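Report on the following structure.
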Amino acid sequence: MSLAVAADATVPVEAARRRTFAIISHPDAGKTTLTEKFLLYAGAVAEAGAVKARAGRRRATSDWMALEQQRGISITSTVLQFTYRDHVVNLLDTPGHRDFSEDTYRVLAAADAAVMVLDVAKGVEAQTRKLFEVCRARSLPVLTFLNKYDRPGRDPLELLDEIERQIGLRPTPVTWPVGIPGDFRGVLDRRDGSFVRYRRTAHGATAALEERLSPDRAAAEEGDAWRQAHEACALLDEVGATPDLASFLAGESSPVFAGSALTNFGVQHLLDAVVDLAPPATSRPDDAGSHRPLEAPFAGFVFKIQANMDPAHRDHVAFVRVCSGRFTRGMTLVHGPSGRPFSTKYAASIFGSERDTIDVAYPGDVVGLVNAGGLQIGDTLYEAEPVAFPPIATFAPELFASARPRDTGRHKQFHRGLTQLEREGVVQVLRDPDGDPVPVLAAVGAMQFEVFAHRLAHEFGAVADLSPAPYRAARRTDRRTAEQLRNLRGARVLARADGTLLALFDSPYQLQRLEQDHPDWCLDPVVGAGEAP
Ligand code: G4P
């Protein structure tokens with residue numbers, strides 16, 4: 001440890017109070033509603049409805065995501081911090097749109113746990129599965145919330161079965177619904193066998209009224225609904241579906257809570273579980289696998305960059321997850337990749353376009369560094385001894401399009417925008433090492449192309465013509481194999497900014513054949529969820 005910066009004994013105490021998590025769900029499962037209800041239960045808003053109002057203000061003051069407004073979707077991520085039961089909860093919001101998921105992957109790199117929200121009428125949906133894969137790759141503990149019990153839905157036992165079969169996570173209910181979906185009375189709390197009865201409040205704007213009843217009273221008052229819940233729980237006991245902290249923390253089992261975010265039923269149980277079960281901020285391994293202790297001097301990494309959030313200022317914000325030490329605004333850090341000093345005078349907590357100056361932050365917290373033009377996703381910032389955290393994986397692209405400026409006179413603006421949006425990770429940009437100047441954009445979802453084109457036009461004044469490219473499969477390759485592929489029809493080799501060579505194929509069958517015929521060629525799966533740090 002450096003003598004210049006002494007270890008700070010308050011840091012582990014503050015880190016132990018932190019819970020940093022993200023909500024993963026398919027669009028419309030209820031993520032926004034649940035977020036808002038967390039704020040309500042934490043006392044951060046007096047009445048539900050405030051988040052949407054805030055979101056409305058954000059839209060009114062920001063044109064850079066006018067696309068968000070047109071589509072009624074959420075593309076930008078925000079970080080919400082609130083206190084609950086003397087804990088500091090950092091809720092990392094993730095984009096809701098099905099297609100815009102690359103950003104979500106990166107946000108999950110900064111989380112210590114996730115809450116998976118399922119709509120009980122729909123169960124496990126495509127986006128849930130995809131996002132869960134990222135949680136699995138990072139062994140993130142996942143809490144599950146079965147949402148929308150206030151309206152008709154599927155049998156909860158069937159949903160548990162689906163979670164286990166489709167995503168391989170062992171569901172272990174903590175609470176169990178009493179009453180059928182659509183006639184939801186409350187939950188059986190498996191921890192003590194009691195019944196928690198809910199009564200809704202007008203529009204769910206304030207906390208649901210809650211009453212805890214003994215099993216005997218519940219049996220007398222709820223009749224069949226209680227008996228059925230009781231039987232289902234006996235079955236869960238029999239098959240050993242009992243919450244278990246060790247396997248939850250290892251990302252193998254998931255405590256399940258039933259409820260309805262709209263009517264607030266079950267929201268408090270879930271928020272309590274975030275505090276009681278989800279892990280506190282702990283030290284993170286560096287790229288050599290060793291752990292810099294929490295109380296060591298400051299270190300953190302950039303997991304997200306967003307430019308031009310506020311059109312009046314045309315600024316550039318880097319979101320940094322604190323991993324060790326105490327952050328104090330104004331401290332000078334070292335930018336890992338360049339070794340240059342980095343001033344943190346303009347540090348803020350950011351929610352949409354609203355920002356408050358942040359003075360101090362601890363492990364688990366997220367600091368928004370404004371005017372952070374030199375920073376890139378994955379960069380480490382530190383104080384005292386050097387440290388480098390592993391890079392944040394870029395994801396296997398599934399869609400490709402070549403991009404040209406419509407007006408060749410705006411070539412410069414086009415390339416400036418291309419470079420900036422690439423750095424922000426809006427799309428991946430692939431270039432031909434053999435000199436074809438037309439870049440190929442690569443993305444996980446089509447929405448990324450739309451955001452790229454929209455921002456290029458509105459922020460950089462260059463309209464892009466995008467034409468879909470025919471590639472259907474991508475592999476990471478090396479120079480030797482690239483030489484072999486050079487003259488092959490239906491294949492092309494392009495380079496990412498980090499120098500990685502990607503081989504793109506028009507047909508997955510052609511790729512399959514090449515893999516069979518040339519087992520010695522380098523055709524590795526592109527870094528993806530499975531290889532996230
Ligand atoms: P998302 O962020 O995951 O995309 O979902 P969001 O919270 O926006 O919820 C999607 C829709 O589902 C909203 O209805 C919301 O009110 C509704 N919803 C969320 N939780 C529950 C619940 O527990 N029960 C019921 N019945 N509905 C729920 P909407 O009509 O699309 O929007 P709004 O007009 O209500 O805002």
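Every read-out reported here was derived from the displayed coordinates using simple, explicitly stated rules and does not represent laboratory data. These figures come from a predicted structure and were not determined experimentally. Positions of Cβ are generated from backbone atoms using ideal geometry, with glycine treated the same way; all protein chains shown enter the neighbour counts.
Of note:
- Counting DSSP beta bridges with both ends in the chain, the antiparallel % (nearest 5): 75
- Linear extension gain, Arg486 paired with Ala219, 0.36 nm per residue minus alpha-carbon span: 88.8 nm
- Close amide H contacts of Ala258 (hydrogens built in the peptide plane, cut-off under 5 Å, sequence separation of 5 or more or a different chain): Leu146, Thr175.
- Difference of contour (0.36 nm per residue) and Cα-Cα distance, Asp272 to Val360: 29.1 nm
- Under the simplified labelling scheme, the Ala288-Thr83 pair shows an inter-label distance of 3.9 nm, with each label point 7 Å from Cα along Cα→Cβ.
- Amide H within-cut-off set for Leu143, under 5 Å, with H built and near neighbours excluded: Ala114, Val115, Met116
- Computed from Cα positions, the angle between helix 156-167 and the longest principal axis of the chain comes to roughly 20 degrees.
- Backbone HN-Hα couplings from phi across segment 454-470 [Karplus 6.51/-1.76/1.60, Hz, Gly and Pro as x]: 5, 6, 4, 5, 7, 9, 10, x, 10, 7, 9, 9, 10, 10, x, 9, x
- Using θ = phi - 60° in the Karplus curve 6.51 cos²θ - 1.76 cosθ + 1.60, the 3J(HN,Hα) couplings for segment 207-214 round to 3, 5, 7, 10, 9, 9, 10, 5 Hz; x is entered for Gly and Pro.
- Rounded to the nearest 0.05, the FRET efficiency derived from the C-beta distance between Asp407 and Ser343 at R0 = 25 Å is 0.05.
- A simple charge model with +1 on the Cβ of Lys and Arg, -1 on the Cβ of Asp and Glu and nothing else charged puts the dipole of segment 399-517 at about 100 debye relative to its Cα centre.
- Unsatisfied cross-links (Cα-Cα over 19 Å) in the set Lys37/Lys122; Lys31/Lys148; Lys37/Lys304: Lys37/Lys122; Lys37/Lys304
- Taking the empirical scaling 2.2 N^0.38 Å for compact globular proteins as reference, the chain has a Cα radius of gyration ratio of 1.03.
- Rounded to whole numbers, the Karplus 3J(HN,Hα) couplings from phi for segment 229-244 are 5, 4, 5, 4, 5, 4, 5, 4, 4, 4, 8, x, 7, 10, x, 9 Hz, using 6.51 cos²θ - 1.76 cosθ + 1.60 with θ = phi - 60°, and x at Gly and Pro.
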